[in-house]
Structure formats: structure tokens, C-alpha cells
Amino acid sequence: DLRSVMSQHKVDEDTIENQLIPYLEDYYEAKFEIEEDVAVGELVSASEFPDHAWYVNDGTGSGHAWWTDQTEAWIEIDLGFPCTISTMKIWWWGYSDCDDYDVLAEIDGSFVKVRSRADEVRKNSFNARGEIQGWEGRTTKVRLELRNGKNKDPWYGKYYFGIREINLNGKQHIFTDNISLNRSVTTNVADTGNELVDGDLETFWTSNNNISWIVVKFKGICALDHVLIDWVDDIQGNQTIQYLVGGKPHDSSAMGTYDKVDLTGLGGKLEILLQGANFYSIRQVSAFGTCFSSREFFKKKVTRGFADPKKSILQVCSQ
């Protein structure tokens, strides 16, 4: 891994992280931050004619449609992974659009109403195209509930609703690895912290200091998605959570009361500052993401960003 490469050379760890971070940011953005239609090819179900439902997200733009002859209907897309949705687009079929519907999103295992017809900006009356702004929360399923069908299609004269395409533009959150497991930990309490990352729910860490802190050192620089804090009892005090690169905070931080915080970014370490309570008791701290390996550097998956491709990482870092 990257840290083993560092250890073979007399290069300060903070220095190398600071030198590499611009190239890692470009790589991270290209791999994880580019928005795309996260609905393409995912599983679709519908209240009627489910065999035609896949037309709405086949990604071909062919114009083939799913339709229904019922005045109330639903169609649902399972995104497979939690996704952040920035824009939803609907391409309606003929005149068989809908003027009374809700958009439901499955967030943390429960469906909630996030948008409705009132939120759609629609252009044209025939084969209309509508656009809806996204919503907060990581979504695993999107369900469109259609009501009060009035406009039958002009071709068959029986279909009240028809949709040619549904686009869900956003980002997938596919990180499933706990990159903090069994990593090195330091805290304000000397010789403690390993119990926070040992994977054992029977052990726990405590501190009696009003201002306490925890630092988890990752295996190289990592792209992070979210952090879980497993408290022994209720959440105690307030927390500031941030990722460190080169010994300094990088990207944004989160401040509040958390057992889970969705915080994306890059970091070589995770820092948690605890304040506002006289006692803290935590079972586990889990950070989810993926770490960059030396192979990704030396195979130029990341180093393609260097101005001179003949230079090695260490040459760049020694400049």
C-alpha cells in the first residue's frame, strides 16, 4: 500500500500527502463525483404491464414506452445502491401524461414523499418532457405514483398514462468497506482506542474529559463516504468530524450530534472531536470508503495527472 512505499524512503508523510492530493482530487472526481443517470439498466417494476416497464430506463432513448389503461398506477426503479439524486426527468408518451402524482423515495429503508406534480417544470403538451429538482437523502428506490388519469392516448384510445423515459441524474454511493477496521488509533486517553476499531461489539472506549478526541489513521489516502459512531448509550455531547490530509483538515467537516454522518471527501486520517459532555462511551467507529493503493499510482491511474509522466511520485514530492 501507499504507506509501505513511503516507509522505504525518507519522505515526510505529511509532505507526500500534500504533494499528491491535487492529483488524487482529480482522480477522485473522475471516478466518484461525476454525475450520471443512476437509473439506467436498474430493476423496474410496475402496477401493470411490467414487461414494458424496462423501456423507461433502458438508456437507448428509443422512444418506446411503458403505459397503463388504469386511472391510477405506479412504476418503481430499484437503484441497487444508495444514490444522491440531483435531477429527475420524465419523458411522457403522447398526450398520456399525468397532472396528479407523487414521487416517493426510499431513504434509510422507508418510503417518503419527496416531490409531486407541482415540482415538475414541463415543456410541450405532446410527448412532453418534465424536469424535477432532486432532494435530500440517499435514495435506494424511486416510485412514481400516478392518479386521476384523464388523457387517453390518440393511437389506441385506452391508455391513460404513458412514459417513454425516466432519468435520475446523480451519484452512486457504492462504498461498502469499513476502512477503519483494525487501523491505528490515538485518543486523548493514553494507550486506548484500539477497542474502537476492533470489530468487537463487547468492547468499548470511554473518556471522562469534556473535550476529547479520536484520530484513526487509514491505510494511505482514502476516498470516504460516511462515518458511523456506535454509542454505548445515547449520543453524548456534540461532535466535529473531519478528514485530514497532510496533517490538516481537507474538504468540508460535519458538526452536530451524530451516530451517522454522510461526509464525502479524501483523507489519510479521520478526526473526531467530542465536546459538551463530561463522559463519552463508544463501542465502534466505522469509516466507509476505499483507499488508493501504490498500484494505482505506479500503473498511472492517478499519476496521469503529472505534468511530466517520466517523473516518479518521489521525484515530484521532493520538488
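Observations, loosely collected:
- Selection within the stretch 166-209 - part of a strand (DSSP E or B) and open to solvent by 30 Å² or more (accessible area, probe 1.4 Å): N167, N169, K171, Q172, D177, N178, S184, T186, T206
- Identity of the residue in the stretch 260-317, over 27 Å from the mean Cα position of the chain (by Cα) and of a type in the set (D, E, K, R), that ends up modelled with the highest pLDDT: D308
- Only listed residue being more than 27 Å from the chain's Cα centre (by Cα) and part of a strand (DSSP E or B), chosen from G162, G220: G162
- Some residue of the stretch 131-141 being aromatic (F, W, Y), farther than 19 Å from Q284 by Cα, surrounded by 13 or more Cβ atoms within 10 Å (Cβ to Cβ) and out of contact with any helix residue (DSSP H, G or I) (no Cβ under 8 Å at 6 or more places or on another chain): yes
- Scan the stretch 29-51 for residues that are within 19 Å of Y160 (Cα to Cα) and open to solvent by 60 Å² or more (accessible area, probe 1.4 Å) and the total you get is 3.
- Candidate set from the stretch 56-73 (those that are open to solvent by 50 Å² or more (accessible area, probe 1.4 Å) and more than 14 Å from K150 (Cα to Cα)); member that is nearest to the chain's Cα centre (by Cα): G59
- Among the residues of the stretch 233-248, those identified as in a strand (DSSP E or B) and open to solvent by 60 Å² or more (accessible area, probe 1.4 Å) are N238, K248.
- Only listed residue being assigned to a strand (DSSP E or B), open to solvent by 10 Å² or more (accessible area, probe 1.4 Å), of a type outside the set (A, V, I, L, M) and in contact (Cβ under 8 Å) with a residue 40 or more places away in the chain, chosen from D251, D230: D230
- Taken over the stretch 108-117, the criterion of being farther than 14 Å from E145 by Cβ and either modelled with pLDDT of 95 or more or open to solvent by 70 Å² or more (accessible area, probe 1.4 Å) (or both) is satisfied by D108, S110.
- Selection count, the stretch 48-66, where residues are in contact with a Leu (Cβ under 9 Å, 6 or more places away or on another chain) and either of a type in the set (S, T, Y) or part of a loop (DSSP other than H, G, I, E, B) (or both): 0
- From the options F126, F81, residue that is hydrophobic (A, V, I, L, M, F, W, C), out of contact with any Asp or Glu (no Cβ under 6 Å at 6 or more places or on another chain), part of a strand (DSSP E or B) and surrounded by fewer than 17 Cβ atoms within 10 Å (Cβ to Cβ): F81
- From the options K269, K219, residue that is over 21 Å from Q172 (Cα atoms), among the charged types (D, E, K, R) and surrounded by fewer than 21 Cβ atoms within 10 Å (Cβ to Cβ): K219
- Which numbered condition K150 fails, given (1) surrounded by 18 or more Cβ atoms within 10 Å (Cβ to Cβ); (2) out of contact with any His (no Cβ under 8 Å at 6 or more places or on another chain): (1)
The values are calculated or read from the model by the stated rules, or taken from the named source; none is laboratory data. Please read all numbers here as calculations on a predicted model, not as lab measurements. Please note: Cβ atoms are built from the backbone with ideal geometry, for glycine as well, and neighbour counts cover all protein chains shown. Ligands, DNA and RNA are stripped out before the accessible areas are found, and what is left, the full protein with its side chains, is counted by its heavy atoms. Shrake-Rupley method; radii C 1.70, N 1.55, O 1.52, S 1.80 Å.
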